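The structure appears below as structure tokens.
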């Protein structure tokens, strides 16, 4: 059961990941990314990280892909006019990606990795996360909160109409 | 047959390679950015798998932080792309050659 679910979610993830790359339409690419991320959430659920799989759906599928779709519709880039990729970069990209995949695969195949988890029961509930986040990782939590504030300010500054810049020209 | 750590790592590498392929091949900045996100998610699969097979929660907490930072990063990156589009009127990388001459 676990094996077949793993292969199903893997196929979903990698297949729709390829669809993101090969799709000519940007909106379709964003929707394929959504399905691919749902596959990743399934993989997380198989790894007993249920909170992370829910968070992945919420943050990535809910916020990031929606933001992507919003920007695509806002900008409306001319996607159908030109070929999305040329031949040389296609060949180079294939070779590069294949080298990367084969390299990591040989590294993984020849390493000594366990085939079964160290512990059968994995405690990854909300309580365990809370205990970790507010004891060991208290400083990173605060830093991340500050980072979110900074990024919010950055987005506001970036997306404002630059009036002073226009005047100086 | 049991699904081992190897399988998860190979899946992570495959997804990373697909994202890398997209970054190299595509011309649209938005799609390149989507592929970057895919590479980030691929690396988180490896982290979660290591965490599960090691029996500790630290990798999962790390992925938690990565998700937060990725959300912030996407917001800023898309704002930069919108600013770029306002300034130059295109998001195709071959037309963004202001430094060429």
**Study point:** Pick from the stretch A:25-44, criterion more than 16 Å from the chain's Cα centre (by Cα) and assigned to a helix (DSSP H, G or I), ranking: surrounded by the most Cβ atoms within 10 Å (Cβ to Cβ)
**Key:** A:26
Practice item. Could you tell me whether residue A:63 is more than 30 Å from residue A:128 (Cα to Cα), touching a helix residue (DSSP H, G or I) at 6+ places or on another chain (Cβ under 9 Å) and either facing chain B (nearest Cβ under 7 Å) or surrounded by fewer than 17 Cβ atoms within 10 Å (Cβ to Cβ) (or both)? Key: no
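Got a sec? Which of A:124, A:92 is in a loop (DSSP other than H, G, I, E, B) and either farther than 27 Å from residue B:53 by Cβ or at pLDDT below 80 (or both)?
Details: A:92 fails: in a loop (DSSP other than H, G, I, E, B).
Criteria check complete, one pass: A:124.
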Check your understanding: Take the residues of the stretch A:127-142 that are at pLDDT 90 or above, part of a helix (DSSP H, G or I) and surrounded by 12 or more Cβ atoms within 10 Å (Cβ to Cβ): which is nearest to the other protein chains (Cβ to nearest Cβ)?
Key -> A:140
**Study point:** Options B:69, B:41: the member that is facing another protein chain (nearest Cβ under 7 Å), in a helix (DSSP H, G or I), modelled with pLDDT of 90 or more and surrounded by fewer than 22 Cβ atoms within 10 Å (Cβ to Cβ)
**Key:** B:69
**Study point:** Matching residues, the stretch A:1-18, being at the interface with chain B (Cβ under 10 Å from one of its Cβ atoms) and surrounded by 14 or more Cβ atoms within 10 Å (Cβ to Cβ)
**Key:** A:5, A:6, A:9, A:10, A:13, A:14, A:15, A:16, A:17, A:18
Review point. Regarding residue B:30, is this residue assigned to a helix (DSSP H, G or I) and crowded, with 21+ Cβ neighbours inside 10 Å?
Key: yes
**Study point:** Residue list for the stretch B:30-84, restricted to those being over 18 Å from residue A:132 (Cα atoms), over 18 Å from the mean Cα position of the chain (by Cα) and free of Cβ contacts under 8 Å to residues at least 12 places away in the same chain
**Key:** B:82, B:83
Review point. Among A:108, A:20, A:14, A:91, which is touching a helix residue (DSSP H, G or I) at 6+ places or on another chain (Cβ under 7 Å) and more than 30 Å from residue A:119 (Cα to Cα)?
Key: A:20
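The values are calculated or read from the model by the stated rules, or taken from the named source; none is laboratory data. Computed from a prediction, not measured in an experiment: that's the story for all the values here. All Cβ positions, glycine included, derive from the backbone under ideal geometry; neighbour counts span all protein chains shown.
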